[in-house]
Amino acid sequence: MAGFLAFLFAGMGCVDSSSSSSDFIRNVSVDYTGIYTGTGDNLVSQNSGEPINTLNLVQSGSGLEAFDNNGNLWRGDLSRVNADSSSSFRLDGQTTSGVAAQIVGTLSGEDTTGSMTGTYIEDGVFGIVSATADIAEVTTNTATGALSISPTGDQTLTTGETRQFTASGGGNAANSIMWTLSNNGIGRLSSTTGTTVTYTAAGAGTQTITATIGTQTDSTSISQSGSNLGLNNGLNNGLNGLNAGGLQF
């Protein structure tokens with residue numbers, strides 16, 4: 001057991017407060033902001049200095065900041081939100097005795113209740129973290145079955161033409177669906193998240209649009225040609241030139 005805790009402690013780099021939060025902020029689908037209160041006597045089962053009973057957590061995208069009941073600041077970030085509206089997280093801060101510490105674990109949301117579970121780590125001290133808070137309501141998509149994109153089958157578009165695509169199934173949160181393109185140079189999406197997006201062809205070539213949720217993916221191929229406008233203009237100019245030379249059509 002001691003060996004495992006030592007490995008966990010080393011792997012998390014828990015006392016390195018210089019890496020307390022990520023410089024990259026992402027938009028995520030669940031807001032875990034709330035005042036988390038320990039489900040037992042304290043939020044952290046044991047730590048040096050004064051007990052940690054609450055964390056006033058504020059989320060901005062994937063970034064996290066929190067003040068504990070002792071006035072100490074904690075900073076960290078979230079990983080990607082899972083299908084069950086949970087996300088792993090980390091917070092770096094210090095105790096009232098000035099010892100650097102880290103909380104690592106899982107934040108989850110259901111309806112208007114947020115839950116925080118995990119491990120508290122400082123040099124020579126390990127504790128259990130368990131707390132709940134009131135959060136903004138978490139909405140989910142009740143669709144079941146494999147993830148699929150409609151319309152189905154290969155698509156054909158000309159430059160400037162648009163088409164709407166909808167992803168269904170997966171039994172996951174609708175706002176966790178991520179959309180990507182194989183070639184951003186010949187098309188664009190109205191959004192990269194959500195159940196429905198609009199795709200606009202911006203050039204000739206072959207495009208693949210992919211929807212992803214959790215471990216499930218589905219893709220559709222789009223064959224794109226240049227706009228007919230240029231061809232029509234060329235034909236019209238040619239005919240006008242012939243007419244000017246005395247040939248009538």
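The values are calculated or read from the model by the stated rules, or taken from the named source; none is laboratory data. Note that the structure is predicted; figures quoted are calculated from it, not measured. Don't worry about glycine lacking a Cβ; one is built from the backbone with ideal geometry, like all the others, and counts go over all protein chains shown.
For region 95-112, the criterion of being of a type in the set (Gly, Ala, Ser), over 14 Å from Leu43 (Cα atoms), in the same structural domain as Val129 (by TED's automatic domain parsing) and assigned to a loop (DSSP other than H, G, I, E, B) is met by at least one residue.
Consider Glu110 carefully, then state whether it is touching a residue at least 12 places away in the same chain (Cβ under 8 Å) and either farther than 23 Å from Ile177 by Cβ or buried (at least 19 other Cβ atoms within 10 Å of the Cβ) (or both).
Values: touching a residue at least 12 places away in the same chain (Cβ under 8 Å): yes; either farther than 23 Å from Ile177 by Cβ or buried (at least 19 other Cβ atoms within 10 Å of the Cβ) (or both): no.
Here the answer is no, as Glu110 does not meet what is asked.
Scan region 174-202 residue by residue and report those that are small (Gly, Ala, Ser), loosely packed, with under 15 Cβ neighbours inside 10 Å and not in a helix (DSSP H, G or I). Give the steps one after another, and end with the answer.
As a first pass, look at region 174-202 and keep what is small (Gly, Ala, Ser): 174, 176, 182, 185, 187, 190-191, 194, 201-202.
Then drop every residue that is not loosely packed, with under 15 Cβ neighbours inside 10 Å, which leaves 185, 190-191.
Selection gives Ser190, Ser191.
Determine whether Asp92 is of a type in the set (D, E, K, R) and either surrounded by 20 or more Cβ atoms within 10 Å (Cβ to Cβ) or touching a helix residue (DSSP H, G or I) at 6+ places or on another chain (Cβ under 7 Å) (or both). Against the criterion (of a type in the set (D, E, K, R) and either surrounded by 20 or more Cβ atoms within 10 Å (Cβ to Cβ) or touching a helix residue (DSSP H, G or I) at 6+ places or on another chain (Cβ under 7 Å) (or both)), Asp92 qualifies.
Outside any strand (DSSP E or B) and at pLDDT 95 or above: does that describe Asn82?
no
On the basis of being modelled with pLDDT of 95 or more and either more than 17 Å from the chain's Cα centre (by Cα) or not aromatic (Phe, Trp, Tyr) (or both), does Glu110 make the cut? So Glu110 does not fit the description; no.
Is one or more of the residues making up region 50-63 among the hydroxyl-bearing types (Ser, Thr, Tyr), part of a strand (DSSP E or B) and under 29 Å from Gly194 (Cα atoms)?
Taking region 50-63 and keeping what is among the hydroxyl-bearing types (Ser, Thr, Tyr), we get 54, 60, 62.
From what's left, part of a strand (DSSP E or B): 54, 60.
Those left that are additionally under 29 Å from Gly194 (Cα atoms): 60.
Among the residues of region 50-63, at least one is among the hydroxyl-bearing types (Ser, Thr, Tyr), part of a strand (DSSP E or B) and under 29 Å from Gly194 (Cα atoms), which makes the answer yes.
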